[in-house]
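Each remark here refers to the structure printed beneath this line.
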Amino acid sequence: MAELELFHGGALEQAMVRYGPQAEGWIDLSTGLNPWPWPVERAGTLSDMGLTSLPETAARCRLEVAAAACYGISPKACVVAAPGAQALIQCLPYLDLPGENLAEVAVVAPTYEEHAACWRRAGHKVCEVNSPEEADSYDVIIVVNPNNPDGRLFEPQYLLSLADRQADRGGMLVVDEAFADGDTALSCASGAGQPGLCVLRSFGKFFGLGGLRLGFALTHKGLAESLRGILGPWAVSGPAVAIGCRALADKRWIEETNRRLCRESDKLAAALRRMGFHCVGATRFFQLINVDNGGQNGGQTAKDLHEHLAHRGILTRRFEHWPHWLRIGLLPHAPGLERLVKALEAWHQ
């Protein structure tokens, strides 16, 4: 039986085919990407980005050093660059693991569904649990922090202690920090390098360059070597290396963007509250609303609101398994927010 494809955000071309062209154009709020990307022209022209040669090992090492400095990891930690955090999520189930390479894996859910799907695909026994406290007996524990889509947070010190316990029993804790950029207090990066811990970071979310496909694993030497072996040579493209090196070191842009994400996230949350929606979770990149709102919407679900907005050229993120949840990303400009508000007003009429 063919495996069902998971539903993700970002399928803008499919939405355009299904719902048709829009006079005002489309606004994609489904991905959780920063809508104000790092200006790639600062990395030079395409001819400066190594398109005509294979990426050099030394260049990849410079990229990993830049990531180590940006994320604040300890000197004993290793950084592995990959073509997106998703690539690392798919590689991890194929490492040497406890239990004769078939591990018992606990995924703290609800969360990004690719984690459970990738471990199951590799033949491991996967159980979805409500909290890390329920996962003490598992070989591998996976936590997304801040969680996608509900923004649930776990204290880094608690997670580092959990990683210690996993290491003592030969297990591993994977902490997916795809949405942690912007608040170093949320990150376990400073503890990367200790046995039993692998921290995943997404470059594309914060820097607004999802199409570049760049992500990092922050971990200890043994796991880093295993990941590099699976990824193989030239895993990261020349343009990704060139842009990543410059962007990760652009402290002024990073600081300004952190402040902007906070402001715009607050604006979006306030607008949704004014429209009568209950925000059940958030990160600096998106708001999650409960469309059911205590049964006051006449039984209408997030799918209904998703359709309503899509017919007005606004693409949001719905979830098959949580029919009352709708995730809405940050608006790129004030007219976009006004357009969203008008569409939500029409929904209530």
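So how far, in whole Å, is the C-alpha centre of the stretch 51-129 from the one of the stretch 303-349?
A separation of 32 Å, based on Cα centres.
With angles folded into 0 to 90 degrees, how steeply does helix 156-168 sit against the dominant principal axis of the chain? Use alpha carbons for both and round to 10.
Helix 156-168 and the main axis of the chain meet at about 40 degrees.
Can you compute the FRET efficiency between residue 12 and residue 321 using 1/(1 + (r/R0)^6), with r the Cβ-Cβ distance and R0 = 25 Å? Round to the nearest 0.05.
Efficiency, rounded to the nearest 0.05: 0.65.
Using 7 Å Cα-to-Cβ label points, what is the residue 334/residue 256 separation (nm, one decimal)?
1.9
Peptides 138-150, 241-253: what's the order by average Cβ count within 10 Å, highest mean first?
Ranked from most to least packed, the peptides come out as 138-150, 241-253.
For the stretch 178-184, what does the Karplus curve 6.51 cos²θ - 1.76 cosθ + 1.60, with θ = phi - 60°, yield as ³J(HN,Hα) per residue in whole Hz, taken in order and with x for Gly and Pro?
Once rounded to whole Hz, the list reads 4, 10, 8, 4, x, 8, 5.
Rounded to the nearest percent, how much of the accessible area of the chain (1.4 Å probe, protein heavy atoms only) is carbon and sulfur?
Answer for the chain is 52 percent, counting heavy atoms of protein chains only.
From the backbone phi of the stretch 240-245, what are the Karplus-calculated ³J(HN,Hα) couplings (6.51 cos²θ - 1.76 cosθ + 1.60, θ = phi - 60°) in whole Hz, Gly and Pro given as x?
3J(HN,Hα) across the stretch 240-245, in whole Hz: 5, 5, 5, 5, x, 4.
Restricting to Cα pairs below 8 Å that are 6+ residues apart, what does the relative contact order work out to for the chain? Please round to a whole percent.
Here the relative contact order equals 24 percent.
Determine the per residue accessible area of the chain with all protein chains present and a 1.4 angstrom probe, expressed in square angstrom.
Per-residue accessible area for the chain comes out at 46 Å².
Compute the acute angle (0 to 90°) between the alpha-carbon long axis of helix 251-274 and the principal axis of greatest extent of the alpha-carbon atoms of the chain; round to the nearest 10°.
40
Expressed as an acute angle from 0 to 90° and rounded to the nearest 10, what is the orientation of the C-alpha long axis of helix 57-71 relative to the principal long axis of the chain?
Around 60 degrees separate the two axes.
Can you tell me which lysines have their Cα less than 23 Å from the Cα of residue 221? Leave out same-chain residues fewer than eight positions away.
Cross-link targets: 76.
Hey, what do the phi angles of the stretch 85-95 turn into as Karplus ³J(HN,Hα) couplings, whole Hz, using 6.51/-1.76/1.60 and θ = phi - 60°, x for Gly and Pro?
With the stated coefficients, the stretch 85-95 comes to 4, 4, 4, 5, 4, 7, 7, 3, x, 9, 7 Hz.
Under a GNM of the chain (C-alpha, springs under 10 Å), which listed residue has the highest mean-square fluctuation: 121, 165, 60?
Checking each option, the largest mean-square fluctuation is seen for 121.
Express in nm, to one decimal, how much length is gained between residue 303 and residue 69 on full extension, taking 0.36 nm for each residue of separation and deducting their alpha carbon distance.
Length difference between fully extended and current span is 80.1 nm.
The values are calculated or read from the model by the stated rules, or taken from the named source; none is laboratory data. Since the model is a prediction, treat every value here as computed from it, not as a measurement. As a convention, Cβ positions derive from the backbone with ideal geometry for all residues, glycine included, and neighbour counts pool all protein chains shown. We work out accessible area using only protein heavy atoms, side chains counted, and drop any ligands, DNA or RNA first. Shrake-Rupley method; radii C 1.70, N 1.55, O 1.52, S 1.80 Å.
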